[in-house]
């Protein structure tokens, strides 16, 4: 499927080489509205009697993994499902708060599949693939039907019908929600469907297992090497196809809204085996998180973006008011800066704009809250107007759990004092490159949900992650993977196949190496150091100079890690330091690739702002003539430059425009 | 803050465990309880001692992975998850005793980590609505009265952490099970399997070695999501309605 590497011999920018472009994403022809129907029809069918002879490994049990496991199990395939947590129900999809989009048009406010498609492409700043996004919008309505049938308790109106709300960056109400716990309710639905298949014997569950290597035989993905995190046993699991639904890599920044265990290892091991990594520098910084309080902090907590529907964001007009009690700052001395700069969208501007403007306000010295490293990094999110308009009880019924969480973490009561918020890393739009079928550049390796790069371009709209995870798992993958599985029966692979043995040895020798260094620094200290470099130099705002420094700093950190890390204990039992060490080692390699990707993309686009590329009034400036492509990176080898393959983004149905939310 | 920690250390499921004392200094009262343990572990690693194993993942109170008994209370003195408990709930100089969930159906894996797969097996027994992908009618085909949807949602807030079991002198899992039975039983979509569900889940619950409910209410007091005791009443009512009165579920 992929072109052979014909990379240019010379290094570009001193850090990468360029290979052959990707000619085809394998989407069917015809009008955009008919492509998915065409693909489903053309994808080969597998006779029900043959399905039980075909096996699929799924890594990850979040929305994209659990839904795929349940659906493939129901269809009758043999599924093995893996997660690093103690139960599939813990996957981090559970923490998504706000909601899930679907083009149901239940409100009759002009929504449609085409509008959701359009909004998503525009929200992604014209850096996503039209065909995939259209399909996402097309299947979105089916997701809601499926979830309601499973018993997902979405919010309802008094007439018994489902309620909707509007959500960051769009002007229609298409977001379904379950108070501030939508991700939890959707994941529990998918988890229950998965458990039902475990009981039925179609899915075998491997909890507390971590994938540490991909097995590739004759160019095809045929299994994984996993570590049983309780016994330490290194296990080989072989199958006819492998699906990675292992989530995003926001934890490369150390502090993010991700769970502690979220990691890139499954994706990165596949990348090292030949899977291209798409747009690694596309990360989403979420505007409404609780600001960092100090050095002890292990993670940042998101406050749902839905809060922006009713809260008003402001900072003091005058820097000298920043340490005052906000309630004592008069209306005339407040700067509701989003409403001022973007009167059309106000507090509902897309995430990247809301994030960057918050940073600008703090950089101007008008931030609020405690100073960390000498700067106050926080802005107010004020509910006084909403409480006046709706009453405190109505605000409590809408956002009660979020307000409680805020108070628990900060010790401040947001019904009385405005919340303080600041941007934090939340989601990664980049991920393993996939074609229209969600197949990576390794045949037989499919990638779903946040782990793939596909649908959100350079920025993701609110309430679209849950939509994509479930779209991929319930409706897209089960239809496309059958076309691959229909080529079976596949050659049987034995456990002593040279490719299997090589993969096992890679895993064991790496674990031995990590345990034998016996240096002086803890794994977490490296992780924190990496995170700081990434946040400062590959975060919200990037410069050529900063990225070049970051690449050098990460290389030095990586060298130090492999000579001076301290991992205690042994590999033959539960060893959380060893688990972390392997993940951080992969983050160090990923971090460098993210900086290289960010360096080569000399434009401001979506979630990231490149200081050298801005308009006269300081807004992001895209360069469609040069950068309207997906950057798909091929692993170049240890200490070798990665190879860039460009997939041109062709817009047949939507006209490219510079975004304007003014 | 300066603290004296007494922590349960146990190498593996088959090993005997013991309480070990650690003194720790320089804890910020703005840090979470687990961040305090992170700090302890950094110090232990630096001094060449095996760090304390404990489970946590989301650290925002929703995944249900964390949970330890703190000074005798599941998740500690506040009504929240261990990860959302902050050190401002303690005083400088306090002694804090930290133990794993203790219940036969939750065997200790190492230190503070326990095996809660018994909960997954209870869900496998019937904690679902059988609706294969692709078979669903339009989401608006069946209106659901708001009060039913709200009660279903309230019960569905259970995060499966196991604090209810750890708090219960009988190690009963009935608050966990009752919340699932209530969540699915309040919805029209859950009616066809309602009777079979409660019977199958209860059988599995007993098989795993969880005890029966004697209405002490410790479970609901420990529940970080505030699931009320009346989900157990609903569980019992459903069980009787299914024609199996008089067994352990009563």
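Computed values, structure above
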{"item": "Sites residue A:114 and residue B:23 - FRET efficiency at Förster radius 51 Å, r taken between beta-carbons, to 0.05", "result": "0.20"}
{"item": "Cβ-Cβ FRET estimate between residue A:52 and residue B:4, R0 fixed at 35 Å, reported to 0.05", "result": "0.05"}
{"item": "Gained length - residue A:390 relative to residue A:327, 0.36 nm times residue gap less alpha-carbon distance", "result": "20.7 nm"}
{"item": "Cα-based helix-to-principal-axis angle, A:182-200 vs chain A, degrees rounded to 10", "result": "20 degrees"}
{"item": "Extension gain (nm, one decimal) between residue A:544 and residue A:568, 0.36 nm per residue minus Cα-Cα", "result": "4.7 nm"}
{"item": "For chain B, built as a Gaussian network whose Cα springs stay under 10 Å, the top-fluctuating residue of B:224, B:13, B:143", "result": "B:143"}
{"item": "Per residue, the convex hull volume that the Cα atoms of the stretch B:3-110 enclose (Å³)", "result": "104 Å³"}
{"item": "Within a Gaussian network of chain B (alpha carbon springs, distance under 10 Å), most fluctuating of B:203, B:78, B:42", "result": "B:42"}
{"item": "Exposure proxy ranking, count of Cβ atoms within 10 Å, fewest first, for A:417, A:375, A:152", "result": "A:375, A:417, A:152"}
{"item": "Euclidean distance of C-alpha centroids, the stretch A:435-489 and the stretch B:162-233, integer Å", "result": "37 Å"}
{"item": "Residues A:651, A:206, sorted so that the one with the fewest Cβ neighbours within 10 Å comes first", "result": "A:651, A:206"}
{"item": "Cβ neighbours within 10 Å from other chains - mean over A:156-163", "result": "5"}
{"item": "For chain B, projected area of the alpha-carbon convex hull averaged over all directions, nm²", "result": "15.3 nm²"}
{"item": "Equivalent-ellipsoid semi-axes of the protein assembly as shown, from the Cα gyration tensor, Å, largest first", "result": "36, 33, 31"}
{"item": "Principal-axis tilt of helix B:230-241 within chain B, Cα atoms, nearest 10 degrees", "result": "40 degrees"}
{"item": "Percent of Cα pairs exceeding the 16 Å cut-off, where the set is the stretch A:416-465", "result": "51 percent"}
{"item": "Over chain A, relative contact order from alpha-carbon pairs under 8 Å, at least 6 apart, %", "result": "21 percent"}
{"item": "Using alpha-carbon coordinates, inclination of helix B:117-126 to the longest axis of chain B, degrees", "result": "10 degrees"}
{"item": "Which of A:172, A:434 has the fewest Cβ neighbours within 10 Å, and the rest in rising order", "result": "A:172, A:434"}
{"item": "Separation of alpha-carbon centers, the stretch A:124-178 and the stretch B:30-51, rounded to whole Å", "result": "42 Å"}
{"item": "For peptides B:14-27, A:418-431, A:25-38, sequence by mean Cβ density within 10 Å, most packed first", "result": "A:418-431, A:25-38, B:14-27"}
{"item": "Shielding by partners - mean other protein chain Cβ count within 10 Å, residues of A:222-232", "result": "1"}
{"item": "FRET E, pair residue B:46, residue B:14, Förster distance 41 Å, beta-carbon r, rounded to 0.05", "result": "0.85"}
{"item": "Over 21 Å [Cα-Cα, the stretch A:498-623], rounded percent", "result": "50 percent"}
{"item": "Among B:144-157, A:435-448, the order from most to least packed when residues are scored by Cβ within 10 Å on average", "result": "A:435-448, B:144-157"}
{"item": "Cut-off 16 Å, label 7 Å out along Cα→Cβ of residue A:31, residues of the stretch A:89-116 by amide N", "result": "A:113-115"}
{"item": "Centre separation in Å (Cα based) which lies between the stretch A:305-323 and the stretch A:64-78", "result": "45 Å"}
{"item": "Of all DSSP beta bridges in chain B, antiparallel share, percent nearest 5", "result": "75 percent"}
{"item": "For the protein assembly as shown, share of DSSP beta bridges that run antiparallel, in % to the nearest 5", "result": "70 percent"}
{"item": "Global size of the stretch A:286-423 as Cα Rg and Dmax, reported in angstrom", "result": "13.9, 40"}
{"item": "Estimated 222 nm signal from helices in the protein assembly as shown, with DSSP H stretches of n ≥ 4 weighted -39500 (n - 2.57), rounded to 500", "result": "-10500 deg cm²/dmol"}
{"item": "Per-residue average of Cβ from other chains inside 10 Å of A:68-77", "result": "2"}
{"item": "Full-stretch length increase - residue A:648, residue A:552 - with 0.36 nm per residue and alpha-carbon distance subtracted", "result": "31.6 nm"}
{"item": "Mean Cβ neighbour count within 10 Å, used as a protection proxy, ranking A:337-343, A:77-83, B:84-90 highest first", "result": "A:77-83, B:84-90, A:337-343"}
{"item": "For the stretch A:386-471, the Rg and Dmax computed from alpha carbons only, in angstrom", "result": "19.3, 58"}
{"item": "Kirkwood Rh (inverse of mean 1/r, distinct Cα pairs), the stretch A:169-233, angstrom", "result": "15.6 Å"}
{"item": "Descending semi-axes in Å of the stretch B:98-247, equivalent ellipsoid built from Cα gyration tensor", "result": "27, 16, 15"}
{"item": "Sequence-separation-based contact order of the stretch A:466-598, relative, with Cα cut under 8 Å and 6+ spacing, percent", "result": "31 percent"}
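Read the figures in this text as sums done on the coordinates, not as results from a lab. Keep in mind that what you see is a predicted model, and the values were worked out from it rather than measured. Neighbour counts are summed over all protein chains in view; Cβ atoms, including those assigned to glycine, are modelled from backbone coordinates with ideal geometry.
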